[in-house]
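One structure is given below, encoded as structure tokens.
The values are calculated or read from the model by the stated rules, or taken from the named source; none is laboratory data. These numbers were taken from a predicted model, which means no experiment stands behind them. All Cβ positions, even for glycine, are placed from backbone atoms using ideal geometry, and neighbour counts span all protein chains on display. Heads up: the accessible areas ignore ligands, DNA and RNA and are worked out on the full protein's heavy atoms, side chains in. Shrake-Rupley method; radii C 1.70, N 1.55, O 1.52, S 1.80 Å.
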Amino acid sequence: MDVIDCPIEDGLSGPRVPQELFRMAHDAGHRGAHDQALLIWERLRLEAPQNERSWIGSLNTLFVLRLDSQAARIADEMERRFPNNGFPPAMRARLAMRSNEWNLAETCWRSATSLEPSNPIFRGGLVTLLIHLGRRAEAEREIDTAPPSSAQHSSLRAARATLAERSGKWSAAIAAWQSYIESAPDSVMGVAGLSRSLCGARRFSEADNILAKARADFPLDIGIAVASAHVAEASQAWRVAQSRWESVLRLAPQHPTATAKVEECKRQSNQEKSELVKILDKFVSLGRNCEFGLLQKSFGSESPGLLRWASTRPEVLLQGLRNKFARLGDEATTEIFSEGEEFIVRDRCYGFLLHTFINVSAGSADSIFRKQCRRTRILVDKLVDQLRAGRKIFVYQHPELNDELAVDIYDALREYGSGVLLCVRTAGGSPAGRVRLLRPMLMVCEIEREGAKPDGSWNICTENWLEICQDAHALLIKQEVEND
């Protein structure tokens with residue numbers, strides 16, 4: 001490739017490098033393809049050793065790839081070739097910060113700024129170090145004494161944002177990181193900083209949305225992957241955090257903390273799952289479809305229930321409650337048929353449809369029919385006992401469940417004892433709300449959407465359901481305390 005002219009940025013001097021290779025190296029870095037970027041930068045450095053930019057590109061990429069000893073060696077070579085360039089000591093400062101050698105890092109940053117006093121990148125690095133060391137007054141002085149020409153440089157904007165972030169001034173930090181992003185729209189550091197500040201303000205969803213876009217734009221970027229994992233941790237979404245730290249390990253197998261983070265998130269996730277199972281065990285599904293049963297099953301809450309795998313309409317459920325499910329399971333009002341590879345039980349008295357999860361090859365329809373009738377009667381007795389005991393939260397989900405119908409079902413349920421009813425309906429485009437009381441021990445809420453898809457598959461709003469169950473359980477405890 002012929003050497004052609006290309007613009008020299010940030011005051012760097014030297015012969016022109018092949019513009020196409022230069023563009024390719026930058027594009028690869030922006031995509032997160034740092035191995036590819038390094039190959040291009042190294043080629044540029046070897047073909048044009050007198051050009052400072054190729055050395056800087058190599059050093060930056062080696063740092064991202066955590067090839068620290070190689071970066072230190074290249075920094076030494078660059079310093080011998082360009083003794084008045086501040087980048088070699090700046091790279092040593094970054095490496096020293098990574099290994100927690102704070103005194104060495106400060107010495108190197110001050111060396112870099114003395115070589116190039118007007119370079120805002122080096123001043124920004126020094127400010128970041130001072131902030132980390134808790135020397136915020138010194139950090140502010142460094143920002144205030146920056147030359148006017150560099151005061152609004154993205155590096156110093158990042159330093160201001162970091163200073164606000166470390167001071168816990170979340171609104172100021174968010175505004176400062178947004179300002180930084182405006183000056184450096186392609187910088188993942190700004191996205192990561194903004195997400196941290198949003199987390200500090202407990203605006204987890206906003207942080208996750210920003211990072212979701214960044215992950216789509218930079219799928220191989222380790223900084224974005226780490227920031228995404230931190231957001232999930234901060235919001236205590238342990239299963240999500242575990243998955244994201246595992247993604248970090250796939251991108252950077254030698255990452256110094258990712259393995260420990262995976263194990264910690266796994267431990268927290270198992271503990272959370274154990275606690276969730278205890279909560280989910282307190283709920284009994286009254287049907288509509290299998291959604292709530294599938295949710296419970298996914299967490300290991302496996303208690304059999306009459307209507308857990310049943311299809312029930314509100315008026316039919318109301319009829320069953322009022323009749324104490326009389327004749328449900330009687331052979332005279334029950335039939336069995338196959339749907340695909342599974343036997344299904346249909347009750348003609350109430351119109352319930354119940355899954356058996358028994359394959360049609362498992363035995364004759366007659367023998368399975370009789371077993372299912374006996375099983376249904378046992379589960380009827382179990383449900384009636386649970387309704388009388390009043391120690392469970394009975395959950396019923398249906399999109400047509402208005403307040404009047406919910407009260408009717410609640411009244412029928414309370415004829416048995418002191419049970420609690422949770423009525424869940426689809427939000428219908430409006431935001432899903434928190435659990436609230438319609439009457440004492442009658443809870444209502446909205447869920448984002450139904451889990452059943454038209455093709456017969458499921459896409460359950462797991463996190464939304466878990467929030468609902470945790471809210472309902474907490475509300476029940478509060479009610480019981482107030483009634484004592």
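Remarks
- Qualifying residue in segment 94-111 (condition: touching a Lys or Arg at 6+ places or on another chain (Cβ under 7 Å) and crowded, with 22+ Cβ neighbours inside 10 Å): yes
- Lone qualifier among 417, 390 - being more than 24 Å from residue 276 (Cβ to Cβ) and either at pLDDT below 90 or open to solvent by less than 40 Å² (accessible area, probe 1.4 Å) (or both): 417
- Tally of residues being surrounded by fewer than 22 Cβ atoms within 10 Å (Cβ to Cβ) and assigned to a helix (DSSP H, G or I) across segment 57-69: 5
- Residue identified as open to solvent by 20 Å² or more (accessible area, probe 1.4 Å), at pLDDT 90 or above, closer than 23 Å to residue 316 by Cβ and not polar (S, T, N, Q) among 408, 471, 366: 408
- Only one of the listed residues (286, 317, 307, 280) is farther than 18 Å from residue 376 by Cα, aliphatic (A, V, I, L, M) and modelled with pLDDT of 90 or more. That residue is 280.
- Unique match (being out of contact with any Leu (no Cβ under 6 Å at 6 or more places or on another chain), at pLDDT below 90 and buried (at least 22 other Cβ atoms within 10 Å of the Cβ)) among 173, 158, 216: 158
- Hey, residue 382 in contact with a helix residue (DSSP H, G or I) (Cβ under 8 Å, 6 or more places away or on another chain) and either at negative phi or open to solvent by less than 80 Å² (accessible area, probe 1.4 Å) (or both) or not: no
- Qualifying residue in segment 423-446 (condition: at pLDDT 90 or above, under 16 Å from residue 307 (Cβ atoms) and open to solvent by less than 80 Å² (accessible area, probe 1.4 Å)): yes
- Selection from segment 176-199 of residues that are surrounded by fewer than 17 Cβ atoms within 10 Å (Cβ to Cβ), part of a helix (DSSP H, G or I) and in contact (Cβ under 8 Å) with a residue 24 or more places away in the chain: 183
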